[in-house]
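Take a look at the structure set out below.
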Amino acid sequence: GVDLGKLLSQTGLVTLDPGFVNTAACKSDITYIDGDAGILRYRGYPIEELAAKSNFIEVSYLLIYGELPTQAQYDEFADRIQRHTLLHEDLKQFFDGFPRDAHPMPVLSSAVSALSTFYQDSLDPFDQNQVELSTVRLLAKLPTIAAYAYKKSVGQPFLYPDNSLGLVENFLRMTFGFPAEPYEVDPALTRALDLLFILHADHEQNCSTSTVRMVGSSEANLFASISAGINALFGPLHGGANSAVLEMLEGIHANGGDVDSFVERVKNKEPGVKLMGFGHRVYKNYDPRAAIIKKTADEVLGKLGANDPLLEIALKLEEKALADDYFVERKLYPNVDFYTGLIYKAMGFPTKYFTVLFALGRLPGWIAHWREMLEDPARKISRPRQVYTGEAERSYRSIGER
Ligand code: ACO
């Protein structure tokens, strides 16, 4: 019951904790992680059970509303999302302004930021109807935006959403289909992408989610807060890691597949050489999401007919690292991104696009945290302190005297 923050601020004491390694910024009911035991639960449900039995829409509902939906609640939620997939026609022109080789992440965050200008009837964080509307709009429109960003990058025409399809199928069709041509969505592919979205859907106070909460704490609207989260996810140490893993595997492959010498370079801490997809701030054990993905990667790659030499390199790397003192001592295990890139590649997504898929998966988590933060009666604007290390007071000298 002691409010430590209040107590400390009364004493004038400031704690310094770079990277917030030990500092909790909030209380949350959404996701439980035990990093030592490798446990992850959404609203109490083990990730393994959700991965095996649920789907992304249901998991989104669970994260945002706290309980699994009844059939009626599920149908209404899915139906509302289905009816909001279209983008405002003028928003389409937005994509024309970007260079064709633009990275899709800033395209995504810019388009989401622009939603604040197109949907001004859902910006009030304290009007419940508007919050529901912006929630549904984001869940429905982000896949459309993501597909448009892809089409723009490959110079192909945009496809309107087909609302007879589910969210993931619709996204795959808009991404890989062509206008006026039938596109058969492979159910194995749909299920695999749905599963990857479930596994990425929330991960408590990671960098992008903390960003969403922080921006939202100023009472910025949901679109603005999510746009900031997408930009946080863009960095290579966070959402960019899935692309970086693939680039690393391709680099090893191009060098004749020499895993041993690569691991030596990592251990020698050559600048810029890390075992990407390994290590995690919270997990000091096997990331439970990586365990699920590893099991499905083989299956999915097999089903998609991909016989990827990079998978073999990944398996060798993992085996070698798990038996090596450098990694064992530092408790470095594969994280969720170690295998996802291989699956995305087999599905036909270009490397640059992987982080966009992470954003699609993480969206319900961001929304759930933004809503929880605003509903918290103890809510305060996020405003960390600092320990000043600059100059003591000194006098201004005019420019000619310096
Ligand atoms: N390869 C080699 N060494 C590593 C790695 C790695 N991937 N990760 C950590 N280490 C080493 C560090 O060099 C450090 O060694 P030292 O004690 O000798 O200095 C030690 O392990 C501890 O690492 P920190 O950097 O202090 O750990 P931190 O919690 O700050 O970083 C992070 C976590 C950013 C995930 C890091 O492990 C990393 O950069 N991994 C690679 C990138 C990656 O896969 N990111 C995805 C994260 S998961 C996600 O966003 C979905």
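Annotations for the structure displayed:
- Top-ranked residue in region 307-337 [being within 15 Å of G251 (Cα to Cα) and within 24 Å of the chain's Cα centre (by Cα); ranked as nearest to the ligand (Cβ to nearest atom)]: A314
- Filter result for T117 (modelled with pLDDT of 95 or more, in a helix (DSSP H, G or I) and within 28 Å of V336 (Cβ to Cβ)): no
- With respect to being touching an Asp or Glu at 6+ places or on another chain (Cβ under 8 Å), over 27 Å from V59 (Cβ atoms) and not acidic (D, E), F95 falls outside the description.
- Filtered by the rule that a residue be over 25 Å from G19 (Cβ atoms) and surrounded by 14 or more Cβ atoms within 10 Å (Cβ to Cβ), region 368-402 gives R371, L374.
- All positions within region 1-35 that are at pLDDT 90 or above and farther than 23 Å from V212 by Cβ: L16, D34
- Once region 280-297 is narrowed to residues that are within 14 Å of N242 (Cβ to Cβ) and within 8 Å of the ligand (Cβ to nearest atom), the residue that is surrounded by the most Cβ atoms within 10 Å (Cβ to Cβ) is D287.
- Among (1) surrounded by fewer than 24 Cβ atoms within 10 Å (Cβ to Cβ); (2) over 21 Å from A188 (Cα atoms) - the single one M347 does not satisfy: (2)
- Region 1-33, residues that are within 24 Å of E67 (Cα to Cα) and either within 16 Å of the ligand (Cβ to nearest atom) or in contact with a strand residue (DSSP E or B) (Cβ under 8 Å, 6 or more places away or on another chain) (or both): I30, T31, Y32, I33
- Residue that is farthest from the chain's Cα centre (by Cα) [pool: residues in region 16-59 that are closer than 26 Å to L332 by Cβ and of a type in the set (G, A, S)]: A37
- F354 meets all of the listed conditions (1) over 18 Å from R281 (Cβ atoms); (2) within 15 Å of the ligand (Cβ to nearest atom); (3) modelled with pLDDT under 90 but one, namely (3).
- Which numbered condition I399 fails, given (1) closer than 24 Å to L249 by Cα; (2) of a type in the set (A, V, I, L, M); (3) free of Cβ contacts under 8 Å to residues at least 24 places away in the same chain: (1)
Results for (1) modelled with pLDDT under 95; (2) basic (K, R); (3) touching a Pro at 6+ places or on another chain (Cβ under 8 Å); (4) under 19 Å from G365 (Cα atoms), shown as yes or no for each residue.
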| residue | (1), (2), (3), (4) |
| --- | --- |
| H203 | no, no, no, yes |
| E219 | no, no, yes, yes |
| P236 | yes, no, no, no |
| G240 | yes, no, no, yes |
| R281 | yes, yes, no, yes |
| A290 | yes, no, yes, yes |
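- In region 248-264, residue farthest from the ligand (Cβ to nearest atom) [restricted to those that are farther than 17 Å from D324 by Cα and among the small types (G, A, S)]: G256
- Enumeration of residues in region 245-295 that are basic (K, R) and touching a residue at least 60 places away in the same chain (Cβ under 8 Å): R281, K284, R289
- Given (1) in contact with a Leu (Cβ under 7 Å, 6 or more places away or on another chain); (2) not in a strand (DSSP E or B), number of the condition D36 does not satisfy: (1)
Yes/no per residue for (1) surrounded by 20 or more Cβ atoms within 10 Å (Cβ to Cβ); (2) β-branched (V, I, T); (3) under 19 Å from L322 (Cβ atoms); (4) more than 16 Å from the ligand (Cβ to nearest atom):
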residue	(1), (2), (3), (4)
P187	no, no, no, yes
I198	yes, yes, no, no
S208	yes, no, no, no
G240	yes, no, no, no
V266	yes, yes, yes, no
L275	yes, no, yes, no
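- Cross-chain or 6+ apart pairs with Cβ under 9 Å, region 120-134 first and closer than 16 Å to P364 by Cα, then of a type in the set (S, T, N, Q) and part of a helix (DSSP H, G or I): V131/S122; E132/S122; L133/S122; S134/S122
- When residues of region 298-320 are limited to those that are under 20 Å from L189 (Cβ atoms) and not aliphatic (A, V, I, L, M), the one surrounded by the fewest Cβ atoms within 10 Å (Cβ to Cβ): G305
The values are calculated or read from the model by the stated rules, or taken from the named source; none is laboratory data. Everything numeric here is computed off the predicted structure, so don't read it as measured data. Here the Cβ is made from the backbone with ideal geometry for all residues, glycine too, and neighbour counts use every protein chain on show.
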